[in-house]
Structures are given as C-alpha cells and as structure tokens.
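Asker: One structure coming up, written as structure tokens, with questions to follow.
The values are calculated or read from the model by the stated rules, or taken from the named source; none is laboratory data. Note that the structure is predicted; figures quoted are calculated from it, not measured. No Cβ is skipped: glycine too gets one built from the backbone with ideal geometry, and neighbour counts run over all protein chains shown. We work out accessible area using only protein heavy atoms, side chains counted, and drop any ligands, DNA or RNA first. Shrake-Rupley method; radii C 1.70, N 1.55, O 1.52, S 1.80 Å.
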Amino acid sequence: VHWLTLALMLTFVPLMFSFPHRMKELRKSRRFMNGMAVFILGMETVFLVSQQIFRSEPAFERIPLHLCGSLVLILPVLILARRDRVLRFFAVWSLGAGLISMLNPGFSHTGWGSFAFYHYLIRHFFLFLLPVFLIASGDTDLRYRSYMRSVAALGVWSFVIFLINGRFRTNYMYFGPANDMAVPFLPDALMQWPLIYPTYVVTGVLFFHIL
C-alpha cells in the first residue's frame, strides 16, 4: 500500500509537466483554486474537530504544530486570500514536507477503509503536488536567493518548535524529548534529545538542496 500510494503521487509530476498550458489555465481559474482550498480546509476542520471530540492522545497532537499540520491550513488560506508571493514562499516548505511524509510508511496501518488513511493521503498529496503544480504552471520563483530565504525561515520556525518541545515535552516535527522515531541510516544516539535537532537541521538542509 505504501509504495503504491507513493508511486501514484509521483506519477502526477510528469503528467503536470506534460500539459503546461492546461496547468496555466487551472492556475488562473479562481473557481478551481478556491474550490481546492475550501475542500482542503473543510477536510482539516473535520479532522481537527474529531481530534477534540475523541480526545486523541497524546494531547499535544490536537494542536496543529507539526509542519504538515500547519502548512495544510496556511496554504489554502493564502490561496483564498490571493497572496501568491507568500504562497510561493511556503511552497518550498510544502514540497519537502509532503515528500518526506509520503516516504514514511507509518500511515498505511490504518487501512483502506478508514478516514485517517484517506486524510493522510489527500493532505500529503496536496502538500507535495501544489508546489509541483505552481512550477508546471509557471507561477514560481526559482531564484536560488529566494529559495534559500525560504529554507532559512524554515530553520527559524523549526528552532521555535524545538524550544516549544523542550518547554512542554511535546514532540512536534518529531524532534522532541519524547521522540521514538528511528531513521535507518542514522545512529540511534543522533535521534535522541537534544542532538536530534541539529541532526534534523543538517539532514534537512541537504535534502532541500537535493530537491
């Protein structure tokens, strides 16, 4: 299931670049863009409300401070507000967050019939494919300076989350004191607090340069 959904997501990339004129038409269509934004916000609202109703644990997970949880709220609002320049800025974060999350096989255990499965799938397809869509439609800023400015801002944001994790013993962005996530190619010692934060920063900078 995991590799099938990942392959499906990546299949959209060449498809989008194969039809640049159609991508430009869709990008200019307020009906399409607003409809997509409203759908994503509606889905996230259902998810957040259900977390509160069913008192999901750990409790800190009910606050959307994971990178993906924050971006999936920020990006649709920017689309609706037509803040295209800011949208392109955050699209850099979104591309990396969506891809990394889909490389994680942990979501597949929820099964095909659950809301959690489809929520995870749609959320991360959106996060990864929105920047691809913007690039394919020609609505992007590919200058290295702009790219690194966005990556630097992500570094500042991740440090704020690091401080929140330390203060409240949370595990946002999976580099908190209670983190139990292992990475096969990294030593276990580097995945423990507080070394996990610089480990993530170095790995993230390398990853974003590869992208």
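Asker: Quote the Stokes-Einstein diffusion coefficient, in whole µm² s⁻¹, for the chain, based on the Kirkwood radius over alpha carbon pairs, a temperature of 4 °C and a viscosity of 1.567 mPa s.
Answerer: Translational D for this selection: 71 µm²/s.
Asker: For the chain, what is the accessible area per residue in Å² when the probe is 1.4 Å?
Answerer: So the chain comes to 56 Å² accessible per residue, rounded to a whole number.
Asker: Here's a follow-up. Roughly speaking, what is the centre-to-centre gap between the range 148-164 and the range 112-145 when only Cα atoms are used, to the nearest Å?
Answerer: Result: 20 Å between the Cα centres.
Asker: Nearest 20 debye, what's the magnitude of the dipole of the range 72-211 about its Cα centre given +1 on Lys and Arg Cβ and -1 on Asp and Glu Cβ?
Answerer: My answer is approximately 460 debye.
Asker: Let me ask something else. Go through the range 1-82 and name the trypsin sites (Lys or Arg not before Pro) that are in a DSSP coil and have 12 or fewer other Cβ atoms within 10 Å of their Cβ.
Answerer: Arg55, Arg82
Asker: In Å and from the alpha-carbon atoms only, list the Rg and Dmax of the range 65-169.
Answerer: 14.9, 44
Asker: Something else now. Residue by residue through the range 130-139, which ³J(HN,Hα) values in whole Hz follow from phi under the Karplus form 6.51 cos²θ - 1.76 cosθ + 1.60 (θ = phi - 60°), with glycine and proline marked x?
Answerer: Here the 3J(HN,Hα) series is 4, x, 4, 4, 4, 5, 5, 8, x, 9 Hz.
Asker: Give me a comma-separated list of calculated 3J(HN,Hα) values for the range 145-159, in order, Karplus coefficients 6.51, -1.76, 1.60 applied at θ = phi - 60°, integers in Hz, x for any Gly or Pro.
Answerer: With coefficients 6.51, -1.76 and 1.60, one gets 4, 5, 4, 5, 5, 5, 5, 5, 5, 5, x, 5, 4, 5, 5 Hz.
Asker: Where Rh is the Kirkwood radius over the Cα pairs of the range 1-90, the temperature 4 °C and the viscosity 1.567 mPa s, what D in µm²/s does Stokes-Einstein return?
Answerer: Diffusion coefficient, whole number: 84 µm²/s.
Asker: Just how large is the dipole of the range 40-117 about the Cα centre, in debye to the nearest 20, putting +1 at every Lys and Arg Cβ and -1 at every Asp and Glu Cβ?
Answerer: Charge dipole of the range 40-117: 300 debye, to the nearest 20.
Asker: Something else about it: Return the loop-located trypsin sites (Lys or Arg not before Pro) in the range 113-160 (DSSP other than H, G, I, E, B) with at most 16 other Cβ atoms within 10 Å of their own Cβ; answer none if there are none.
Answerer: Arg143
Asker: In degrees between 0 and 90, to the nearest 10, how far off the longest principal axis of the chain does helix 30-53 point, with axes built from Cα atoms?
Answerer: 20
Asker: Taking Cα atoms, how many degrees apart are the long axis of helix 196-210 and the longest axis of the chain, rounded to 10 and kept between 0 and 90?
Answerer: Value to nearest ten degrees: 20.
Asker: Ignoring ligands, DNA and RNA, what percent of the 1.4 Å accessible area of the range 12-127 is carbon and sulfur?
Answerer: Carbon plus sulfur share of accessible area: 69 percent.
Asker: Which longest run of the chain has no exposed loop site in it, a site being chymotrypsin sites (Phe, Trp or Tyr not before Pro) in a DSSP loop with at most 13 other beta carbons within 10 Å, and the site itself not part of the run?
Answerer: That would be 113-184.
Asker: If I model the range 123-180 as equal point scatterers sitting on the Cα atoms and use the Debye formula, what is log10 I(q)/I(0) at q = 0.28 Å⁻¹?
Answerer: Results for the range 123-180 at q = 0.28 Å⁻¹ read -1.02.
Asker: Here's another thing I want to ask about it. If you place +1 on the Cβ of every Lys and Arg, -1 on the Cβ of every Asp and Glu, and leave all else neutral, what size is the dipole of the range 130-183 about its Cα centre, to the nearest 20 Debye?
Answerer: Around 220 debye, computed over the range 130-183.
Asker: For Ser56 and Phe125, calculate 0.36 nm times their separation in residues minus their Cα-Cα distance, and state this gained length in nm to one decimal.
Answerer: 22.5 nm
Asker: Still on this structure, I have one more. What angle do you read, to the nearest 10 degrees and between 0 and 90, between the alpha-carbon axis of helix 2-18 and the longest principal axis of the chain?
Answerer: Compared with the principal axis, the helix lies near 30 degrees.
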